[in-house]
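The structure appears below as structure tokens.
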């Protein structure tokens, strides 16, 4: 089984070479879950490095009444979620990702949209290797999690450790599972 480091390199390159823009309909299964489970607070990552473009999702969600959106803010090996919409400014953090300028922390999200480099049929994810999502989700086990990826990011079996947190769902252009 390849190491996580090797898989990160491999899937970063694959995603860069096979990236494509998704249509709004890509997010339809996710919207159905949000409505069915009456989710009120959704945390979404801001896309980078050829991740699925979640800006489209922000724009879809702002049409849903009573729904709050936030994005992660990273500091001191911790992640918190800060209220944000697609018109508010961002700044580059020490990892090169965009963080909200605002510091208005929201309560713990009901649903977290999780970025990933690769996933497997067991809903394990390969992240960027810093452990922010796994640490946060390890302490907040009742949050619904949905990884968003392209179907070509699927791998047979991702090596896991006791710190890795499985996702509840994974959404690709082929649907949700």
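When every alpha-carbon pair in the stretch 122-177 is counted, what percent end up more than 17 Å apart?
Counting every Cα pair in the stretch 122-177, those more than 17 Å apart make up 36 percent.
Quick one, can you get me the convex hull of the C-alpha atoms of the stretch 58-135 expressed as volume per residue in Å³?
125
Over the stretch 36-177, what is the relative contact order in whole percent, taking alpha-carbon pairs under 8 Å and six or more residues apart?
It rounds to 21 percent for the stretch 36-177.
Using alpha carbons only, how many angstrom separate the centre of the stretch 29-65 from the centre of the stretch 122-177?
Distance between centres, Cα-based: 16 Å.
State the volume of the convex hull built on the alpha-carbon positions of the chain, expressed per residue in Å³ and rounded to an integer.
Cα convex hull per residue, to the nearest whole number: 117 Å³.
Quick note: the coordinates plus some simple rules give every number you see, no bench work behind them. It should be emphasised that the depicted structure is a prediction, and the values quoted were computed from it without experimental measurement.
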